[in-house]
Amino acid sequence: CIEINMSSAKDIPQTQAMNNAVISGSPSNHHHFLIPSPIPTRRTRTFSQSERAKEGPTFKGKVREFCRQKGHGFIIPDHEKNPIFVHISDIEGEYVPKAGDEVTYKVILIPPKMEKRQAVHVKITHLAPGVSHEKWDSTPDLEAH
């Protein structure tokens, strides 16, 4: 079992120490490897990344899919066909995105290679008709994705 840890760069030495303890068989209360996530969430993104995104252009697109339980999904931009990753921490507003929802968003590049893109400051501008929408403060439907 792998435990994903949304840690910052300053936590990496501690994470490495815990991983080394697991590998060496040292007694510990941690039984899982802790892997820092490469996905820049709103919590772990630097201030400069957030400021650059806010100042950048706003794009429009539609939600292709979004899984509340997994915490991510994809947006199909209006201006191209390649889907863009979106993390749950970057959704603004009161509704959980559903397939077909129209959205606006900004874009940042995902480290370390800075080749893939991620949608941030995502706002639903039009709810997909005929789709049941839930609010963030409601109990998630574990059957739907």
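The values are calculated or read from the model by the stated rules, or taken from the named source; none is laboratory data. Fair warning: this is a prediction, and the values are worked out from it, not measured in the lab. Virtual Cβ from ideal backbone geometry, glycine too; neighbours counted across all protein chains shown. These area figures cover heavy atoms from the full protein model, side chains too; ligands, DNA and RNA do not enter into them. Shrake-Rupley method; radii C 1.70, N 1.55, O 1.52, S 1.80 Å.
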Applying the Karplus parametrisation 6.51 cos²θ - 1.76 cosθ + 1.60 with θ = phi - 60° to the phi angles of the stretch 52-60, what ³J(HN,Hα) value in whole Hz is obtained for each residue in order, glycine and proline being reported as x? 4, 5, 4, 7, x, x, 9, 10, 10
Efficiency of FRET between LEU109 and THR139 - r from beta-carbon atoms, R0 25 angstrom, step 0.05: 0.10
May I ask you to list the lysines whose Cα is less than 24 Å away from that of LYS60, ignoring any residue fewer than eight positions away on the same chain? LYS70, LYS81, LYS98, LYS106, LYS116, LYS123, LYS135
Expressed in square angstrom to the nearest 10, the accessible area of SER132 with a 1.4 Å probe stands at 100 Å²
In nm, give the distance between the simple-model label positions of CYS67 and ARG52, each being 7 Å from the Cα along the Cα-to-Cβ direction. 3.0 nm
Just the accessible area for ARG64, please: 1.4 Å probe, Å², rounded to the nearest 10? 110 Å²
